[in-house]
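Report on the structure given below.
The values are calculated or read from the model by the stated rules, or taken from the named source; none is laboratory data. Nothing here was measured: the structure is a model prediction, and the numbers come from that model. Backbone-built Cβ (ideal geometry, glycine too); neighbour counts: all protein chains shown.
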Amino acid sequence: MRNKTVFVVGPTGVGKTDLAFTLAKKFDGALISADSIQVYKGLDIVSGKDLPKTAKYVSLPELSQNGYNTGFYIDRGRSIFILDVVEPTSSFSVSNFQDAAFKALDHIFQKNKLPIVVGGTGLYVKSLLEPIDTASVKPNIKLRNRLEKLSVEELHKLLPEKKLNTLNNSDRNNPRRLIRAIEINCQGTGSRGQGTTGTVDKKFENLVIGLTCDREVLKQRIDVRVEARIKEGALDEVVKLFKKYESLAPQIKDANGYKQLFQYLQGTTSLEEAIYRWKISEYRHAKNQMTWFQKYGNVKWFDISEKHFLERIEEKVLNFL
C-alpha cells in the first residue's frame with residue numbers, strides 16, 4: 001500500500017465524502033480533505049463540513065507550519081486531515097494546501113494506511129496529481145491590494161493574451177483567480193518544491209475515482225442539501241462571520257452560500273432570493289467542477305445512479321492496491 005493514493009473527485013452534492021469514508025473503512029484508509037473552504041475554522045454548516053460534535057481532534061505539532069494547525073479529526077472511526085486549519089481572517093493558498101497535504105501523506109504512509117484525498121477544489125487536487133512550480137509563488141499583498149480595485153476587464157489587460165487564453169470561462173470571470181494569475185506572471189514560477197517540505201517531488205501511484213450523475217438529479221440533491229443547511233443553522237453561522245466581514249479572507253466572501261447570505265445581511269436581497277441564488281451558484285459550481293475534472297484523462301468515472309456502482313468502485317480500488 002506504500003505510496004499508493006486514492007482520489008475521490010466530482011461535483012458538489014454527488015456524495016464524495018460518504019464514498020471516501022466507505023473506502024477508508026474497507027481498505028484501512030485515512031482521508032485528506034481537498035476543500036478550499038473547509039480549511040477555515042467556524043465555516044462548518046454552509047461549507048458542508050458535517051463534523052459531528054463528538055469528533056475528536058488530534059494535534060500533530062510535527063505537521064504544523066507557519067502557525068497553521070494541521071492535525072486531524074477522528075470521524076466515523078477514520079482520520080481526516082486539513083479541516084479547521086486557519087482562522088477565517090487568514091489566507092490559505094494552494095501552496096499552503098500542497099505543503100500540508102504532502103506532510104499528511106507522509107504521516108499516513110508511515111502508519112501504513114491508504115491515503116484517500118477527497119474534495120472538489122480542482123487546484124488543490126491538481127497540486128498533488130501534477131505538482132506545479134507556481135504553487136510556491138508567495139502572495140504579493142501590495143500588488144493584490146492594487147489589483148482588487150480593478151474590474152475583470154481591466155485585469156484581463158494585465159495578463160499576456162497567451163496566458164489569458166489558457167484560463168477556462170469561470171477563471172476568466174473570477175477576479176481572485178485573475179489576480180493570482182497576474183501575481184504569478186509578475187513573480188515568475190520559481191523552482192519546484194520551493195517553500196515546501198521537499199516531498200513534492202516524491203512519486204506515488206494514484207487512482208482517481210470520479211463520481212457523476214444526471215444533471216437534474218444533481219440539482220435536486222443540491223436543493224436538498226441547501227435546504228438542510230438552512231435548517232441546521234446556516235444563517236446563524238453567517239451572522240457570526242458577518243460581524244468581522246471586512247477582515248474575512250476574500251475566498252470566504254466569494255464562497256457559495258456565504259456570499260449570498262452576506263448579501264441578505266447587507267440588505268441587498270431578501271432571504272428567499274439569497275437562498276435561490278445560493279442554489280443557482282451551486283449548480284454552476286458543479287458544472288464547472290465537472291468541466292475541470294473531465295480534463296484529466298485518467299479519472300475513472302462512476303454514475304451514482306447505476307446499479308452496483310459502489311461494488312464496482314471497491315473492486316477497482318482492490319485491483320489498484
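In table form, for the structure just shown:
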read-out	value
Any hit, region 276-295, residues being out of contact with any Lys or Arg (no Cβ under 6 Å at 6 or more places or on another chain), of a type in the set (Val, Ile, Thr), surrounded by fewer than 17 Cβ atoms within 10 Å (Cβ to Cβ) and at pLDDT below 95	yes
Selection from region 38-50 of residues that are over 15 Å from LYS16 (Cα atoms) and surrounded by fewer than 21 Cβ atoms within 10 Å (Cβ to Cβ)	LYS41, GLY42, ASP44, ILE45
Within region 205-253, tally of residues that are of a type in the set (S, T, N, Q) and in contact with a strand residue (DSSP E or B) (Cβ under 9 Å, 6 or more places away or on another chain)	3
From the options ARG229, ARG225, residue that is closer than 19 Å to VAL9 by Cβ and either within 21 Å of the chain's Cα centre (by Cα) or loosely packed, with under 13 Cβ neighbours inside 10 Å (or both)	ARG225
Verdict on LEU271 being in contact (Cβ under 8 Å) with a residue 24 or more places away in the chain and in contact with a helix residue (DSSP H, G or I) (Cβ under 6 Å, 6 or more places away or on another chain)	yes
